[in-house]
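The values are calculated or read from the model by the stated rules, or taken from the named source; none is laboratory data. Predicted, not measured: the structure shown is a model, and the values here were computed from it. Every residue, glycine among them, receives a Cβ derived from its backbone with ideal geometry; neighbour counts consider all protein chains shown. Accessible surface areas use protein heavy atoms only, side chains included; no ligands, DNA or RNA. Shrake-Rupley method; radii C 1.70, N 1.55, O 1.52, S 1.80 Å.
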Amino acid sequence: YLVLMADRGEFSFQRTMEQLKIDPDKVPIKRLEGIACSQVALTAIKEAVESCDELPEVLFIEGADMLVEDASKMQVVASLLTELQKLARHYHIAIIMSVGCPKMSKKDFYAVKRDQVFGSVAWSRMSETIVILAYMDDDAAGVGDQRCMAVLLRHGPTETFDLIFEEGKLVLNLNAVGFDDEETAWMMAQTAWFSVQDVVDHTDVADKTVRTRIKALVKGGILAWTEIDQSHKKMYIPKT
């Protein structure tokens, strides 16, 4: 992978890596500073990718909205993303970009998640998957330690995760789901795939209650699920 940093300084990046217990010297990173011109940025991005000893499989661009003349203009953003799509297709690279958060009052806040992306709608319309990290709905001042992460898939249902800061890291907020009930305790102790009926058989908890609990655990990113055979039977397992 390769990280291209447009909005944070070297010391800021080092502090983040230290907080995450990652050696910053082992992170392949290059800086794109003071560009604010899409054509110049595209040239710099292409050169950064091609200068690597081994072409990266994943390219992360931090602060992509700061690489264009106007992040709110459709033609400017669309032009940048079109060229990045060409680059991704040519070199078989997955590109992940971060953009800033739009400033708006509570009454002007967009209800549709994809519309909450900063600047032009082209950012979201031309991207496959959108991840929005926001304060909780009841944290109007934005001073709490909890966050809500919504993963908007192009061809699938939206996934939401309740997160909380612990020792400087965002982790799943397990208290938001609850682990004090019998069925959840049994599920979280499993190391192999299980079904709804397995939970019912081992806990004597009603089928409807188990299904409700599983739905909450899946939505909270705590349980993974898959379908087996032609019956599309769903199986579950705790995420590690």
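Tell me whether the stretch 7-18 contains one or more residues that are within 24 Å of the chain's Cα centre (by Cα) and small (Gly, Ala, Ser). Yes, the conditions are met somewhere in the stretch 7-18. If you go through the stretch 130-152 and keep only what is within 27 Å of Glu18 (Cα to Cα), outside any strand (DSSP E or B), open to solvent by 60 Å² or more (accessible area, probe 1.4 Å) and touching a strand residue (DSSP E or B) at 6+ places or on another chain (Cβ under 8 Å), you end up with just Asp145.
Of everything listed in (1) open to solvent by less than 40 Å² (accessible area, probe 1.4 Å); (2) assigned to a strand (DSSP E or B), the single unmet condition for Glu227 is (1).
Evaluate the following for His155: is it under 30 Å from Thr82 (Cα atoms) and open to solvent by 80 Å² or more (accessible area, probe 1.4 Å)? So His155 fits the description; yes. Lys86 satisfies every condition listed in (1) modelled with pLDDT under 90; (2) in a helix (DSSP H, G or I); (3) exposed (fewer than 14 other Cβ atoms within 10 Å of the Cβ) except (1).
The listed residues are Thr184, Thr158, Thr203, Thr212, and the only one of them that is among the hydroxyl-bearing types (Ser, Thr, Tyr), touching a Leu at 6+ places or on another chain (Cβ under 9 Å) and within 20 Å of Ile237 (Cβ to Cβ) turns out to be Thr184. Given the criteria closer than 30 Å to Arg15 by Cβ and either loosely packed, with under 14 Cβ neighbours inside 10 Å or of a type in the set (Asp, Glu) (or both), does Val171 qualify? Spelling it out, Val171 is indeed closer than 30 Å to Arg15 by Cβ and either loosely packed, with under 14 Cβ neighbours inside 10 Å or of a type in the set (Asp, Glu) (or both). Restricting Ser98, Ser72 to those that are open to solvent by 50 Å² or more (accessible area, probe 1.4 Å), closer than 27 Å to Asp137 by Cβ, of a type in the set (Ser, Thr, Tyr) and out of contact with any Lys or Arg (no Cβ under 6 Å at 6 or more places or on another chain) reduces the list to Ser72.
Scanning the stretch 158-168 for residues that are open to solvent by less than 40 Å² (accessible area, probe 1.4 Å) and free of Cβ contacts under 8 Å to residues at least 40 places away in the same chain yields Leu163, Ile164.
Residue selection: Glu69 satisfies the criterion of being free of Cβ contacts under 8 Å to residues at least 40 places away in the same chain, outside any helix (DSSP H, G or I), farther than 15 Å from Val117 by Cβ and not hydrophobic (A, V, I, L, M, F, W, C). All of (1) open to solvent by 30 Å² or more (accessible area, probe 1.4 Å); (2) touching a residue at least 24 places away in the same chain (Cβ under 8 Å); (3) within 24 Å of Phe13 (Cα to Cα); (4) more than 23 Å from the chain's Cα centre (by Cα) hold for Ala48 with one exception: (1). Of all positions in the stretch 183-206, none carries a residue that is assigned to a loop (DSSP other than H, G, I, E, B) and within 30 Å of Lys86 (Cα to Cα).
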